[in-house]
Each structure stands twice: as C-alpha cells, then as structure tokens.
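Throughout, read-outs are computed from the coordinates displayed, never taken from laboratory work. Keep in mind it's a predicted model, so treat the numbers as computed, not measured. Note: ideal-geometry Cβ built from the backbone for every residue, glycine included; neighbour counts use all protein chains shown.
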Amino acid sequence: MHSRLLPSLTCFVMLGLCGCGDSGAAPEKVTSSESSFDAGEQAFRSGDFATAEAELSTAVTAGALQADLLETALLLLARSRIAQGKLAEAEADLKQLESGATAMDQYWLATAELLLKKNDSAGAKKAVAEAKKVNAKVELPGPLKGL
C-alpha cells in the first residue's frame, strides 16, 4: 500500500511546490496545517525530533500549506527523520525536493546530513560544497561543522 501512495504524494507535493496546489483549501484546514507546521518547527528547534516528525508529517499530508511552508516542512521533516535514524524515509522526503526546492542550499545541507548519517563523509563533503556554491554564507548545522 505504501508504494502506491508515494507516487501520489510526490505528485501532490510537487504541485504544491510549484504553486499549483489547492489554493482553495478551507480556512480551518489551512489554519490547522499551519498550526501543525508551527508545532513541528518548534519541536525541531528544541530537539524533539519525534514530535517534529509527527507534526510536520501532519502538516505536509493535509495539503493546505503554501509552497514556501511546504518546502520548509519537508526539509525539517527529512532532518527530523535523519536525527532519528529513519534514513529511508528522510531520503524519500529529500527526493521530493531535489528538482523543485527554492532553497537549494538547505536541500544540500539536509542531503549532507543524510550522507553523513550513512557514514559517507566524502559524499557529505560534496553536498556541503554544493550548498556553498548556492550560498557562500550558508551556516552549517552542528554535525556538518567538522566537514
């Protein structure tokens, strides 16, 4: 069942990233999605990655986030999963962003974190270099500072 949902979710996410999503969502659905996003972002910032994953997943799957929030939610969702060792799920999240992210520096940093967690320090260094190509002033998160 999961394999049948992934193509639909990917298409849905990409439509949202392109700004072609359901802009006519009910106001309460938008408010609920944004509340989940806010709670997930706060949980991520405080290091509660399990709560961040739950809240951000809810926000993403609700389908009512604006494109910029959706992109940030997917990045934070991937990073939350990386922190918990859920590497396959994080990789799937990042796959949804690889061709449509507007903040490619952040995409590359999340990719570097994933590669580092997979013990691919050479790949992580390359991803950090890509992030720096996009934004020379990008700030590296803790685990990447040593690269």
So how far apart, in nm, are the two label points at Asp38 and Leu147 if each is 7 Å from Cα heading toward Cβ?
3.3 nm
Packing-wise, with mean Cβ within 10 Å as the measure, how do 96-102, 26-32, 71-77 rank, highest first?
71-77, 96-102, 26-32
Lys126 versus Ser46: modelled label distance in nm, points set 7 Å from Cα along the beta carbon direction
3.9 nm
By the Cα gyration tensor axes a ≥ b ≥ c (a/c under 1.5 gives rounded; else a/b larger than b/c gives prolate, otherwise oblate), the shape of the stretch 66-147 is oblate
How far is the Cα center of the stretch 105-119 from the Cα center of the stretch 37-54, in Å?
19 Å
